[in-house]
Every structure is written in C-alpha cells, then in structure tokens.
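Q: Below you'll find the structure I mean.
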Amino acid sequence: MVLGGSGLVGSRVLDLWADDIELIAPTHAELDILDDRALTAFLTETQAPVVVNLAAWADVDGAEPERGNRDGRVYAFDPTGPLCWYAETKLEGEQGVLGSSAQACVARIEMPFSAQPHRKQDLARLCLARLGRGEPMVGVVDQRITPVFLDDAVRALGQIKEVRFTGTIHVAAAGWTTPYLFIRAIAARMGLSADLVTAETFADFAPKRPARRPQHSWLDVSCFEEHFGRDILRGPEAELDAWVEQVSAT
Ligand SMILES: NC(=O)c1ccc[n+]([C@@H]2O[C@H](COP(=O)([O-])OP(=O)(O)OC[C@H]3O[C@@H](n4cnc5c(N)ncnc54)[C@H](OP(=O)(O)O)[C@@H]3O)[C@@H](O)[C@H]2O)c1
C-alpha cells in the first residue's frame, strides 16, 4: 500500500512500481492518515503486507506558522537536533514508527528532483523554468546538499521494501554538491546561461526564510551502499546526466 501517491515522490513510486507489484494507493480524500480509526480499518481490511508512507505536509516554510499544532501522539526526542517545526514533527514520526511493533524502516530522502512534471516544483525543474525564461537565480555556495534523482530514490525504496530492511537508512546522492554548483550544472547541461546564477552565502540566505534550516543537510549513504551496493545511488554529476536525458526525452 502506498500512502501519498499523488505527491512528488509517491506519484513516481506508482509510475515505476505499477508493472511489477500489485499496488493499493488510497487518495487523501479516500483515507486521511490522521484519522486513526479510518487508518486502522483500512489496514485491517486490505491486509497489505507492506505500507510505504509518503504522505506528509512537506512544506518546510509553510509548516513553521503551525508550530505547536500536532495531531496524533507525541514521542520523546532523540538528540537529532531538529531546527524547525517541519523537522521536529518529522522526527516524531520517525520515532513513532521505529518505536512501534511494526517491522519498520525510516528512509530519509533529501531534495528529490524529477524529470516528470508535477504540481510541486523541485529545485531542478525550478532551475529549468526560471533559467529557461531568462530569470536570475541565487545559489548558496557554502551549503552541502545531496539532492537525489527521484528515479534513483524510488529504485532504492524498492530494494528497501524487497528485503524488508528495518531501522533508519539514508536515500540521497552518493556525494555532496552545493545549491550554487547544482544550479550551474543544470544550466551547463541544458544550454542555459550560467551568468544568470549568482552566489550567496548561507549566512545571507538563511535569515530570509521563515523556517530555520541546517547549513549542511547532506546525508551519508554508506549504510545504503553497504546493504545494496553502489549501483543505485549515484553522485550528483551522474544523476544530473540521467535527469537531463529523461527531461530531453519528454
Ligand atoms: N520533496 C522534498 O524535497 C522532500 C525532501 C525531503 C523529504 N521529503 C519527504 O518525502 C515524503 C514525500 O514528500 P513529497 O515531496 O512527495 O510530498 P508532496 O508532494 O507534498 O505529497 C504529499 C502527499 O501526502 C498526501 N497527504 C497529505 N496529508 C495527508 C493526510 N492527512 N492523509 C492522507 N494523505 C495525505 C498528499 O495528498 P493530497 O495532495 O491529496 O493532499 C500528497 O499525496 C514526505 O515524507 C516528505 O517529508 C520530501
């Protein structure tokens, strides 16, 4: 069962898994996951052997004014150090699922970017749109990030599901970049003007956002590589090559 199947990540999971496995994907309207009773009834009725939960309110800045609004149960924090409300509630979710009796895995993904059109614009498609219109973009130069090509992330989730991996695992690019380098790499590959991209420091960028963010949010994928090899998660350059190939074909 896939929850959040209309989302950026969920819609690609449905696309790429549909041919191989039988999927049940209730919409938000059909099943509100905050409704405990409805969720339990749905799980009992369907008896799905695996539940992949991609449902979330995934707007980091939009979540900040909601601080304090917490549906469901509250769990003790571990020393992870979340900086904003989105992160605090994500952590509670992680602890809830890992502390439950279910055979559960928390897969943390970072900045998935897709070649497929979706109502939610990820950083790569935002670059394409803005630079394509000749509009300037600002990229942070001193922030390490590991944006993951969504198709790679979905393949990684497929492996995790296949072996019923339990515990916490990172699904991200196998190597870090910076927003500035990432945006310029897209411009270079797509024949767009890299002169439109200006550099900014994290110290200048961060105070302009409603939610606090970590300067370095890159995720270490060594645990994933140890269990599943090095063929699925790629470095930023190889990921972007694959992304460009798919964007150019669509
Ligand atoms: N996108 C990113 O940059 C990013 C980065 C790191 C981690 N993540 C994590 O990756 C996961 C997927 O994110 P995403 O970007 O795919 O999110 P998304 O595009 O915003 O999609 C969220 C999905 O959750 C559904 N949903 C929201 N509230 C629900 C509820 N109460 N009951 C049932 N369904 C509900 C939405 O359905 P409706 O649209 O019908 O409401 C939608 O299908 C999330 O856990 C997110 O925190 C995302």
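Q: For region 79-133, what D do you get in µm² per second when you plug the Kirkwood radius from alpha-carbon pairs into Stokes-Einstein at 4 °C and 1.567 mPa s? Walk me through the numbers on the way to the answer.
A: Numbers: Rh = 14.0 Å.
Stokes-Einstein gives a translational diffusion coefficient of 93 µm²/s.
Q: Beyond 17 Å, what share of the Cα-Cα pairs of region 1-129 is found? Please give it as a whole percent.
A: Working: 5411 of 8256 pairs.
Roughly 66 percent, rounded to a whole number.
Q: Along its principal axes, what span do the Cα atoms of region 64-183 show, with the longest given first and each in whole Å?
A: 52, 37, 29
Q: Roughly what % antiparallel, to the nearest 5, for the DSSP beta bridges in the chain?
A: Values: 1 of 13 bridges.
Expressed as a percentage, antiparallel bridges in the chain total about 10.
Q: Can you sort ASP151, ASP35, ASP195 by solvent-accessible area, 1.4 Å probe, largest first?
A: Values: ASP151 5, ASP35 70, ASP195 135 Å².
These residues rank, largest area first, as ASP195, ASP35, ASP151.
Q: Relative to the longest principal Cα axis of the chain, at what angle does helix 8-17 sit, 0 to 90 degrees, rounded to 10?
A: The answer is roughly 70 degrees.
Q: What are the ³J(HN,Hα) couplings of region 137-152, residue after residue, when phi is run through the Karplus curve with 6.51, -1.76, 1.60 and θ = phi - 60°? Round to Hz, x for glycine and proline.
A: Going residue by residue, I get 9, 10, x, 6, 9, 10, 10, 8, 10, 10, x, 10, 4, 4, 5, 5 Hz, with x marking Gly and Pro.
Q: How far, in nm, would the chain grow between GLN116 and LEU16 when pulled straight, counting 0.36 nm per residue and subtracting the alpha carbon separation?
A: Working: separation 100, 0.36 × 100 = 36.00 nm, distance 1.19 nm.
Gain in length upon complete extension: 34.8 nm.
Q: With the dipole of the chain worked out from charges on the C-beta (+1 for Lys and Arg, -1 for Asp and Glu) around the Cα centre, which of ALA156, ASN53, ALA124 lies farthest toward the positive end?
A: ALA124
Q: Which residues make up the longest stretch of the chain that has no GluC sites (Glu not before Pro) in a DSSP loop with at most 15 other Cβ atoms within 10 Å? Show your work: numbers first, answer last.
A: Details: sites that count: GLU22, GLU30.
The segment 31-250 is the longest one with no such site.
Q: If you don't mind, another one. Exactly which trypsin sites (Lys or Arg not before Pro) in region 1-91 are in a DSSP loop and have at most 15 other Cβ atoms within 10 Å?
A: ARG67, ARG70, ARG73
Q: Placing unit charges on C-beta atoms (Lys and Arg positive, Asp and Glu negative, everything else neutral), compute the dipole magnitude of the chain about its Cα centre in debye, rounded to 20.
A: Once rounded to the nearest 20, the dipole reads 500 debye.
Q: Ignoring ligands, DNA and RNA, what accessible area per residue does the chain give at 1.4 Å, in Å²? Provide the component values of the computation, followed by the final result.
A: Working: 13630 Å² over 250 residues.
On a per-residue basis, the chain sits at 55 Å².
Q: Given ALA102, PHE42, TRP85, which one lies farthest toward the positive end of the charge dipole of region 33-126, if we put +1 on the Cβ of every Lys and Arg and -1 on the Cβ of every Asp and Glu?
A: PHE42
Q: Roughly to the nearest percent, how much of the accessible area of the chain is carbon and sulfur, given a 1.4 Å probe?
A: On the way: 7020 of 13630 Å².
Exposed carbon and sulfur together represent 51 percent of the surface.
Q: Translational diffusion coefficient, Stokes-Einstein: compute it for region 149-201 using the Kirkwood radius over C-alpha pairs as Rh, at 25 °C and 0.890 mPa s, and state it as an integer in µm² s⁻¹.
A: Numbers: Rh = 13.7 Å.
Diffusion coefficient, whole number: 180 µm²/s.
Q: Grab the eigenvalues of the alpha-carbon gyration tensor for region 150-250, scale each by 5, take roots, and send me the semi-axes largest first in whole angstrom.
A: Values: eigenvalues 155, 84, 23 Å².
Here the semi-axes work out to 28, 20, 11 Å.
Q: Sort largest first and round to whole Å: the equivalent ellipsoid semi-axes of the chain, each the square root of five times a Cα gyration tensor eigenvalue. Walk me through the intermediate numbers first.
A: Values: eigenvalues 187, 96, 63 Å².
Semi-axes from the Cα gyration tensor: 31, 22, 18 Å.
The values are calculated or read from the model by the stated rules, or taken from the named source; none is laboratory data. Small disclaimer: the values here were computed from a predicted structure and weren't measured. Because the Cβ atoms are built from the backbone with ideal geometry, glycine has one as well, and the counts that use them run over all protein chains shown. Ligands, DNA and RNA are excluded from the accessible area calculation, which covers all protein heavy atoms including side chains. Shrake-Rupley method; radii C 1.70, N 1.55, O 1.52, S 1.80 Å.
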